[in-house]
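Participant: Please see the structure below; I have some questions.
The values are calculated or read from the model by the stated rules, or taken from the named source; none is laboratory data. Computed from a prediction, not measured in an experiment: that's the story for all the values here. Here the Cβ positions follow ideal geometry from the backbone for every residue, glycine too, while neighbour counts run over all protein chains shown.
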Amino acid sequence: MNYLWFKAFHIVGVVTWFAGLFYLPRLFVYHAEATEQPEPARSILLQQYQIMEKRLYSLIMTPSLVLTLVMAIAMLITTPALLHDTWLHVKMALVGFIVIYHFYCGRLMKQMAAGQFRFSGQQLRWFNEVPTVFFILIVMLAVFKNNLPTNATAWLIVLLIVAMAAIIQLYARKRRLAREQASASAALNESSVEGSASSV
């Protein structure tokens, strides 16, 4: 019964933690793109995104990470035989990488708060896809364990996921290019109007 309680709260922790991991990098995208906005919108947006990121990271993501890891350790203490399973070793390695990703997000958040933007909005969109891939792998390992499917159906699912991620990125790029083109057209029209006014 204790194992089931630990497992239930482990799942709760995983869901809330990954919800934050999916959303925080998306906020980074908007945060980086806000630097391209004119004042006063730029300052207002930067301040708002900084507050949202800090609260999400401190009040939801980090406590969820702690809950996830503590419940996982409790499950292993309750059922130590799990430590002999290969699938669990792979899963733990993937979780270790996501923990590093979590703290790297915290580092990026602090850099952005200090006005240091190392990545563009497009680069951060790709960065945003990392937890999705690891989430899928971790869930598949938890469900199939040592019998992870490698048949054509499994590969088809993987290809569909990759295709979906690529389509999302292409759509985001299309929107960004359309926005840049609209801004360039507006600037050209404005300069034409100013030129006409000066000639009159």
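Participant: Counting only residues that are in contact (Cβ under 8 Å) with a residue 12 or more places away in the chain and not hydroxyl-bearing (Ser, Thr, Tyr), how many does segment 1-14 have?
Facilitator: Number of matching residues: 8.
Participant: Further, regarding this structure: Scan Ala32, Ala8 and give me the residue that is among the aliphatic types (A, V, I, L, M), loosely packed, with under 14 Cβ neighbours inside 10 Å and either outside any helix (DSSP H, G or I) or modelled with pLDDT of 90 or more (or both).
Facilitator: Ala8
Residue-wise test of (1) over 21 Å from the mean Cα position of the chain (by Cα); (2) among the aliphatic types (A, V, I, L, M); (3) surrounded by 12 or more Cβ atoms within 10 Å (Cβ to Cβ).
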| position | (1), (2), (3) |
| --- | --- |
| Met71 | yes, yes, yes |
| Ala74 | yes, yes, yes |
| Ile77 | yes, yes, no |
| Pro80 | yes, no, no |
| Thr86 | yes, no, no |
| Met92 | no, yes, yes |
| Met112 | no, yes, yes |
| Arg118 | no, no, no |
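Participant: OK, next. Check Phe18, Phe22 and return the single one that is closer than 23 Å to Trp126 by Cα, buried (at least 19 other Cβ atoms within 10 Å of the Cβ) and in the same structural domain as Ile136 (by TED's automatic domain parsing).
Facilitator: Phe18
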